[in-house]
Ligand code: PMP
């Protein structure tokens, strides 16, 4: 009998029967409160009626038109809607299917726009699993071990991880910016450097918001050296962090932005946006692909952006995120094994540490498993795998957050007693 490959790492043994809003109904007959949202994808909750309706309607009109062959209406509408939320000056967009593809496309674009080869990434960053995206990923060797050589021209600089360094945020930011200046002085000269690529919060690298001052320091250096600043908003964007874009906690704006995941509530589509001037430095046909900008995904994207705006989901993310974070901090007070609780909006990480502060992956893994037993779905992340991450749907209610907190505490209690 054929089975699924052991190369896939299953976080839970569940099989879904159906799902709605924040709830997954599994074939074991139980309902699970889903604080994973398909790794931060089902932003409007599972099967939001308006997203379902938009997709159903589109399936009967055209499923696949291939937008560089024949344009379709949903993609024009999505482009217009994105225009309402994209950072100022980023007035040109193209589409792919996944986050990894979009990151690769952004790298190609930055190289073409600057005529320079090298990319600087930041420790703990996750940018995808294709070979090029894996080359840009430093969230753990598990994302690249065994299939090198990777893409060349990638350099890594420090990320201001205040909790791990044990310093205050300002000192950590100053240190990380000095490390970056040193890298530009000693390894990849500004004239050889096409882009800085960074997430507004480390995602798979540990659910750690990037300090606003660090993004601002990158912006200043990007301007000074003619380097493109790329924000990978694949996981942090579309309201996840309590602002429409995660980088909006800072005054820094990107030259290129990459979005995917939450943009279409689960339908595969990603977008790359930059100024027309930047885009014009490439040549027609240098980007694209068969399935990018699919019509059904685009229709779901339009409905998603409408729901996010009309239901006030960015605001809900902020408010419910504060509720969840406050509750988690109370739980932290009762369990010394929780070293850090952090995040913005509904992108929250709980870092498990031993008494001496070293990462405790065994407890984090056991807690993640125990949440399933309590009827709450969670995931782990971080280079050491010692962070449990909670990623509820942006439609999550106050009551669901309370239920989630009760179940999370019960799970921690079941593991550490
Ligand atoms: N960038 C970030 C910040 C991500 O979180 C992810 C996915 N976890 C990716 C890129 C890659 O996206 P995908 O899995 O859709 O290729």
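Listed values, structure above:
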quantity: The listed residue being modelled with pLDDT of 95 or more, touching a strand residue (DSSP E or B) at 6+ places or on another chain (Cβ under 6 Å) and surrounded by fewer than 17 Cβ atoms within 10 Å (Cβ to Cβ), out of 79, 27, 2; calculated: 27
quantity: Criterion: over 23 Å from the mean Cα position of the chain (by Cα), free of Cβ contacts under 8 Å to residues at least 60 places away in the same chain and surrounded by fewer than 17 Cβ atoms within 10 Å (Cβ to Cβ) - qualifying residue of 15, 59; calculated: 15
quantity: Members of the stretch 131-148 that are more than 16 Å from the ligand (Cβ to nearest atom) and outside any loop (DSSP other than H, G, I, E, B); calculated: 141
quantity: The listed residue being part of a helix (DSSP H, G or I), closer than 26 Å to residue 46 by Cβ and in contact with a helix residue (DSSP H, G or I) (Cβ under 8 Å, 6 or more places away or on another chain), out of 304, 363; calculated: 304
quantity: Count of the stretch 332-354 residues which are in contact (Cβ under 8 Å) with a residue 12 or more places away in the chain, surrounded by fewer than 17 Cβ atoms within 10 Å (Cβ to Cβ) and in a helix (DSSP H, G or I); calculated: 1
quantity: Test for residue 206: is it at positive phi and within 16 Å of the ligand (Cβ to nearest atom); calculated: yes
quantity: Residue that is farthest from the ligand (Cβ to nearest atom), among those in the stretch 216-238 that are more than 11 Å from the chain's Cα centre (by Cα) and crowded, with 24+ Cβ neighbours inside 10 Å; calculated: 227
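Let's see how each residue does on (1) in the same structural domain as residue 113 (by TED's automatic domain parsing); (2) closer than 21 Å to residue 71 by Cβ; (3) modelled with pLDDT under 95:
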position	(1), (2), (3)
288	yes, yes, yes
299	yes, yes, no
318	no, no, no
325	no, no, no
333	no, no, no
342	no, no, no
361	no, no, no
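Residues are listed down the side, and each one gets a yes or a no for (1) crowded, with 20+ Cβ neighbours inside 10 Å; (2) away from the ligand (no atom under 16 Å from the Cβ); (3) assigned to a loop (DSSP other than H, G, I, E, B); (4) assigned by TED's automatic domain parsing to the domain that holds residue 291:
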| position | (1), (2), (3), (4) |
| --- | --- |
| 102 | yes, no, no, yes |
| 108 | no, no, no, yes |
| 124 | yes, no, yes, yes |
| 129 | no, no, yes, yes |
| 150 | no, no, yes, yes |
| 163 | no, yes, no, yes |
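The values are calculated or read from the model by the stated rules, or taken from the named source; none is laboratory data. Computed from a prediction, not measured in an experiment: that's the story for all the values here. Neighbour counts run over all protein chains shown; Cβ positions are idealised from the backbone, glycine included.
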